[in-house]
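Okay, so here's the structure we're looking at.
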Amino acid sequence: MAVAKVARPGAPVEAGALFVAATPIGNLDDVSTRLKTVLGRVSCVAAEDTRRTGTLLRSLGIRVPLVSLHAHNERSRIPELLARLRAGEDLVLASDAGTPGISDPGMRLVGEARHAGIRVTPLPGPCAAVAALSVAGFPADRFHFEGFLPSRQAARRARLKQLEAVPETLVFYEAVHRLTAALEDMQEVLGSERMAFLARELTKVHESAYGDTLAELCAAAAAGAIVARGEFTLVVAGRVPQEQDERTLDAVLRPLLEELPTRQAARLAASITGCPRRLAYGRALAVRASPGPDS
Ligand code: SAM
C-alpha cells in the first residue's frame, strides 16, 4: 500500500510521516490491515511501553525497532524523533492500548511534529471511551469525555460537582481500586437515580457490562456483584433537567409542607426554585404522601 507523502510548508521535501496508531484494548483481532501494513514498513515505533507494544508486534510477526516514549520522557525524546522525521523516516506512535493522546501520552510529540510541518496522520481504531459509548445505549450525538477523575476524594467530589449540571452523557475512565469510591461519590453528587453503564474488560474474554442506576451499581459493587478485576469505563447519563428540578423542589418543599398547606407551599417552592408551579404542586402532593428521608 502506498502512503502518500505530502510535504507541509516548512518541512523538508523528503520529510517522513508520523502515524498515530490506535492499538487493541484487548482483542488482538482488532488490529486493522492498514496498521499491520504501516507497522511493516516504518523504521521505528515510539511506544509508551516497549514491552507491551513488542508483544503486539511479535503476535503480528513484525520486526521493527522500538523506542520508549512515555509521560516522563516525552519532552526529552521529541528532538531525536523530530530529527528522524525530518530526515525522511516514517515513524509510528503507539500507546499501551487504544488511541494515543486519549488519557495517554503523545499529544506533545504530535503538536511539535505538526508545528514543524511534518505530516501527522491517524491510524484510527480502538478507544475504550468510544467502545463503551457505542454499547451503552445512551445519547452519544454529543458527549463529555472526562477520562480519569482526581484520585483524592475531596478533589473528585469537587470535579463531580462541576459536572453535575452537564446535560450530555459523561464518560469516565477509572482504575479498579478506586471504582467503588468513585461510584459512591457519583451517587452522592450526581444523584442516586442517575442511570449509568459500567463496561468491564471490553473486547476481552471476560468482557462484562452492568447497567443500572448509580444507587444500584453502588449496591452491586458493595455486595461484590461486580467483578473487581480488570479495566473499567463508566458511562453516566447527563443531567435530566426534570429529575434535577424534582430533587431541588423536594428539598425546598419538605420544610415548607411542615408549616403550610399544600397549595401555598407549592407556590412558594415554585417561586424559590424557579420551577413551574404545576411541577411544584405535583411534587408537593408526592412529598406529602411519602414519608420524609428522616422519618
Ligand atoms: N488511550 C486509551 C483509549 O483510547 O482507550 C485509554 C488509556 S487510559 C490510560 C486506560 C483506561 O482506559 C483504563 O484505566 C480503563 O478505564 C479504560 N480501558 C482501557 N481498556 C479498557 C477495556 N478493555 N475495557 C474497559 N475499559 C478500558
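Here, each number is a calculation from the coordinates, and none is a lab measurement. In this text, all values refer to a predicted model and were calculated from it rather than measured experimentally. Using ideal geometry, Cβ is built from the backbone for each residue, glycine included, and neighbour counts are taken over all protein chains shown.
Below, the figures for the structure above:
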{"item": "Degrees separating the helix 179-190 axis from the principal Cα axis of the chain, which is the longest one", "result": "50"}
{"item": "Total charge dipole magnitude, the range 186-289, about the Cα centre, Cβ charges on Lys, Arg, Asp, Glu only, Debye to nearest 20", "result": "440"}
{"item": "Cα→Cβ-extended label distance, 7 Å offset, between Leu285 and Gln153, nm", "result": "4.1"}
{"item": "Percentage relative contact order, the range 17-126, counting C-alpha pairs under 8 Å, at least six apart", "result": "47"}
{"item": "q = 0.12, 0.14, 0.18, 0.20 Å⁻¹: log10 I(q)/I(0) that the Debye formula gives for the range 140-215, counting C-alpha atoms only", "result": "-0.33, -0.45, -0.75, -0.93"}
{"item": "Inter-label distance for Arg58 and Asn73, nm, one decimal - labels placed 7 Å from Cα along Cα-to-Cβ", "result": "2.0"}
{"item": "Pairwise FRET efficiency - Arg263 versus Gln242, Cβ, R0 = 22 Å, nearest 0.05", "result": "0.55"}
{"item": "Choice from Ile272, Ile226, Ile78 with maximal GNM fluctuation in the chain (Cα, 10 Å cutoff)", "result": "Ile272"}
{"item": "Dipole moment magnitude, nearest 20 debye, the chain about Cα centre, only Lys, Arg, Asp, Glu C-beta charged", "result": "760"}
{"item": "Per-bin percent of Cα-Cα distances, the chain [5 Å]", "result": "1, 5, 10, 12, 12, 11, 11, 10, 7, 5, 4, 4, 3, 3, 1, 0, 0"}
{"item": "Top positive-direction residue, dipole computed over the chain with Cβ charges, set Gly238, Gly88, Ser32", "result": "Gly88"}
{"item": "Between 0 and 90°, nearest 10: helix 277-289 axis offset from the chain longest Cα axis", "result": "70"}
{"item": "Computed lengthening from Ala140 to Ile272, 0.36 nm per intervening residue step minus Cα-Cα distance", "result": "44.2 nm"}
{"item": "By average C-beta atoms within 10 angstrom, highest first, the peptides 81-94, 151-164", "result": "81-94, 151-164"}
{"item": "Dipole magnitude (debye, nearest 20) for the range 174-213, charges at Cβ of Lys, Arg, Asp, Glu", "result": "160"}
{"item": "Kirkwood-Stokes translational diffusion coefficient of the range 17-126, alpha-carbon pairs, 37 °C, 0.692 mPa s, µm²/s", "result": "242"}
{"item": "Options Ala280, Leu183, Val64, ranked by Cα towards positive dipole end of the chain, top entry (Cβ charges)", "result": "Val64"}
{"item": "Rel. contact order, % - alpha carbon contacts under 8 angstrom, at least six apart, the chain", "result": "16"}
{"item": "Estimated FRET transfer efficiency (Asn27, Arg108; beta-carbon r; R0 35 Å; 0.05)", "result": "0.75"}
{"item": "At R0 = 41 Å, FRET efficiency that the Cβ-Cβ distance of Glu188 and Arg34 yields, to 0.05", "result": "0.35"}
{"item": "Dimensionless Rg ratio for the range 242-289, taking C-alpha atoms and the 2.2 N^0.38 Å reference", "result": "0.92"}
{"item": "MRE, 222 nm, helices only [DSSP H, n ≥ 4, -39500 (n - 2.57), over the chain, to nearest 500]", "result": "-13000 deg cm²/dmol"}
